[in-house]
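*Asks:* First, the structure itself, so that you have it in front of you.
The values are calculated or read from the model by the stated rules, or taken from the named source; none is laboratory data. Here the structure is a predicted model, which is why all the values come from computation and not from measurement. Ideal geometry is used to build each Cβ from the backbone, glycine not excepted, and the neighbour counts take in all protein chains shown. Keep in mind that these areas ignore ligands, DNA and RNA; they rest on the heavy atoms of the full protein, side chains included. Shrake-Rupley method; radii C 1.70, N 1.55, O 1.52, S 1.80 Å.
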Amino acid sequence: GVAPYITVNAGLGDAWSAAQEVEYANGATATPMGRLRAANGHPQPYGVKFWGVGNEMWGEWQFGYMPLDQFIVKHRLFARAMRRVDPSIELIAAGAMPDAMTGSKQARKLTGKVVAEYGGPADWSGALLARDLDDIDLLSEHYYVYAATHFDLQKGDQVPNDPGEPLADWARRAANMVRAKYEHYQAYLERIPALRRKPVPVSLDEWAYSGVSPASYKPVLAYAWALNEMFRHTDVYAMGGFTFAGSTLSASRTEATLNPTGLMFQLYRDHFGTVPLAVSGASPQPAPKYPPGADQPRVNAGSDTYPLDVAAALSADGRTLTVAVVNPTEAAQQLRLDVRGVALAGAGSVWRMAPASLDATILVGRPPQVQVEQHPAEGSAPLSIPPISVGIYAFPVK
């Protein structure tokens, strides 16, 4: 049931070839490439809607890398050639906001300055949006968080994290990158008036916490918090593509099962709602420890429910209130819900991951150390949130 998303070769490739690929995927059998597709056994067009124009074309590691001014022209050539074949497709530009250009050290190589400046030669996303807005439907953004390091603006490099860093600070790092891009987008809205006329949402189509085993439970806390942060800002984020999709599985030569990370994505898919609701609280997240730039936003990610992170949504039919709660600490916490605007019809349920250890895992052929357990939940009473847990509450709505 997933929608395909194809990125064409905008490095050493050319606009004509990209248009041919669109025609092969979507063209009628009366077209040359549609006829070839039919001859290859698939007469019906695939109807691919999402098309990326290159991958990370802002990075010098890419074949076909070129200066920003030149790539804007190239993106325009690709976009128009592809749209002539199928005007209904949605084009995703290869962007990089100041956080990416700073953390990848591309800003320093282009400008001599560590931090990428808005509107400067290292503001790749800003230039694409300002100068070729009509040829962009979504903006591709990527980020990686590293388990043992963070980017130091003074040194212009990755430096070791504090070995005594609290678990909540470690878990927040992935959500902080989501927050940083949201803040950059708000700056673009102020600097590029046309963006208000034609909003271009973000496709966060590559993101992950690198350097930590996806087979263990620990990254689940970070990934769930990042999902909550994306959901808080669905005015900006339209798509998200987790990089290490294959590592959501524990596999042998003959068997496969979801590991803790895969189980967490399934938990949200099965039980979290789709209509965003506002969440407020009386316990703000702490102020950042580091100056803003690269992997640090101006305001720390998270809801005003510290040390918990909470996101809420209605089901598509409006009959169920869902509340996602992440406890990134090793102590039990209390949470009292004050629901306004809708009336609950009674008690609900919670589906929760709460293993005994951060190192808990799921391996093929062994009893799982992480499970999703369902329990009854009463919305009018204080909720007891277990340590290192990710839970989704569901309450019926009158």
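*Asks:* Counting only C-alpha contacts under 8 Å and six or more residues apart, can you give the relative contact order of the chain as a whole percent? All intermediate terms of the calculation are to be shown ahead of the outcome.
*Replies:* Details: 847 pairs, mean separation 49.8, N = 398.
Contact order relative to length: 13 percent.
*Asks:* Now a separate question. Contact order normalised by length for the range 255-386, with contacts defined as Cα pairs under 8 Å and 6 or more residues apart; what percent is it?
*Replies:* Working: 199 pairs, mean separation 32.9, N = 132.
Worked out over the range 255-386, it gives 25 percent.
*Asks:* What whole-number distance in Å separates the alpha-carbon centres of the range 131-204 and the range 69-85?
*Replies:* Cα centroid to Cα centroid, the span is 26 Å.
*Asks:* Could I ask something else about it? Which label marks the calculated value of P(r) over Cα pairs in 10 Å bins from 0, in percent, given the options (1) 4, 17, 21, 21, 20, 13, 4, 0; (2) 5, 23, 31, 25, 13, 4, 0; (3) 5, 21, 28, 25, 16, 5, 0?
*Replies:* Structure-derived value, by its label: (3).
*Asks:* Still on this structure: Mind checking the angle between helix 260-271 and the chain's longest principal axis? C-alpha axes, 0 to 90 degrees, to the nearest 10.
*Replies:* 90 degrees
*Asks:* Using a 1.4 Å probe, how large is the accessible area of residue 236, given in Å² and rounded to the nearest 10?
*Replies:* Surface accessible to solvent at residue 236 totals approximately 0 Å².
*Asks:* Which of the trypsin sites (Lys or Arg not before Pro) found in the range 32-133 are in a DSSP loop and have at most 14 neighbouring Cβ atoms, other than their own, within 10 Å?
*Replies:* Working: sites: 35, 37, 49, 74, 76, 80, 83, 84, 105, 108, 109, 113, 131; in loops: 49, 105, 113.
Answer by residue number: 113.
*Asks:* What's the local net charge at residue 271, with K and R +1, D and E -1, over the other residues with C-beta under 15 Å away? Don't skip to the end; give the middle numbers.
*Replies:* Values: positive: 269, 319, 352; negative: 270, 317, 373.
Neighbour charge sum, excluding residue 271 itself: 0.
*Asks:* Amide H of residue 158: which non-local residues (sequence gap of 5 or more, or other chain) have their own amide H closer than 5 Å, using H built in the peptide plane?
*Replies:* 152
*Asks:* What are the trypsin sites (Lys or Arg not before Pro) within the range 144-211 that DSSP puts in a loop, where the Cβ has at most 14 other Cβ atoms within 10 Å?
*Replies:* 155
*Asks:* Still on this structure, please answer the following. List the residues whose amide H sits under 5 Å from the amide H of residue 379, counting only those 5 or more places along or on another chain, with H placed 1.01 Å from N in the peptide plane.
*Replies:* Correct list: 348.
*Asks:* Please state the relative contact order of the range 63-120 as a whole percent: Cα pairs under 8 Å, 6+ residues apart?
*Replies:* Working: 23 pairs, mean separation 11.6, N = 58.
Relative contact order, the range 63-120: 20 percent.
*Asks:* Sort out for me the Cα centre separation of the range 253-282 from the range 352-398, rounded to whole Å.
*Replies:* One Cα centre to the other: 11 Å.
*Asks:* Would you kindly derive the ³J(HN,Hα) couplings of the range 91-96 from the backbone phi angles with the Karplus curve 6.51 cos²θ - 1.76 cosθ + 1.60 (θ = phi - 60°), listing them in order in whole Hz, with x for Gly and Pro?
*Replies:* 3J(HN,Hα) across the range 91-96, in whole Hz: 9, 10, 7, 7, x, 8.
*Asks:* Scan the range 303-364 for trypsin sites (Lys or Arg not before Pro) in coil per DSSP, keeping those whose Cβ has at most 14 other Cβ atoms within 10 Å, and list them by number.
*Replies:* Working: sites: 319, 336, 340, 352; in loops: 319, 336, 340.
Taking the range 303-364 and a limit of 14 other Cβ atoms within 10 Å, the loop trypsin sites (Lys or Arg not before Pro) found are 319, 336, 340.
*Asks:* May I ask you to evaluate 6.51 cos²θ - 1.76 cosθ + 1.60, the Karplus curve with θ = phi - 60°, for each residue of the range 387-392 and list the ³J(HN,Hα) values in order in whole Hz, giving x for glycine and proline?
*Replies:* For the range 387-392, the Karplus curve yields x, 5, 10, 10, x, 10 Hz.
*Asks:* Divide by every residue of the chain the summed helix terms, -39500 (n - 2.57) for each DSSP H run of at least 4, and state the resulting mean residue ellipticity at 222 nm, rounded to the nearest 500 deg cm²/dmol. Show your work: numbers first, answer last.
*Replies:* Numbers: 10 runs with 114 residues, N = 398.
Mean residue ellipticity at 222 nm (helix-derived): -9000 deg cm²/dmol.
*Asks:* Considering amide H positions built from the backbone, and no H for Pro or chain starts, which residues 5 or more places from residue 303, or on another chain, come under 5 Å of its amide H?
*Replies:* 310
*Asks:* Around residue 9, under 15 Å between beta carbons, what's the net of Lys plus Arg minus Asp minus Glu among the other residues?
*Replies:* -2
*Asks:* Mind checking the per residue accessible area of the range 336-391 for me, 1.4 Å probe, whole number of Å²? Walk me through the intermediate numbers first.
*Replies:* Numbers: 3120 Å² over 56 residues.
That works out to 56 Å² for each residue.
*Asks:* Here's another thing I want to ask about it. Could you pull out the pairs from 109/181; 218/398; 49/198; 74/105; 49/398; 74/109 whose alpha carbons sit more than 27 Å apart here?
*Replies:* Working: 109/181 21 Å; 218/398 37 Å; 49/198 19 Å; 74/105 23 Å; 49/398 38 Å; 74/109 22 Å.
Pairs exceeding the cut-off: 218/398; 49/398.
*Asks:* Just the accessible area per residue of the range 137-270, please: how many Å² with a 1.4 Å probe? Mind showing how you got there, number by number?
*Replies:* On the way: 5420 Å² over 134 residues.
Per residue, the range 137-270 has an accessible area of 40 Å².
*Asks:* Still on this structure, I have one more. So what are the ³J(HN,Hα) numbers for the range 64-71, from phi and the Karplus equation (6.51, -1.76, 1.60; θ = phi - 60°), rounded to whole Hz, Gly and Pro as x?
*Replies:* Per-residue couplings from phi come out as x, 4, 8, x, 3, 4, 6, 5 Hz.
*Asks:* Now for a different question. If you roll a 1.4 angstrom probe over the protein chains with everything in place, what fraction of the accessible area of the chain belongs to carbon and sulfur, to the nearest %? Don't skip to the end; give the middle numbers.
*Replies:* On the way: 9820 of 18210 Å².
Carbon and sulfur atoms account for 54 percent of the accessible area of the chain.
*Asks:* Something else now. State the Kirkwood hydrodynamic radius of the range 269-381 in Å, one decimal place, computed from all pairs of distinct Cα atoms. Please report the intermediate quantities before stating the final value.
*Replies:* Details: mean 1/r = 0.0602 Å⁻¹.
Result for the range 269-381, one decimal place: 16.6 Å.
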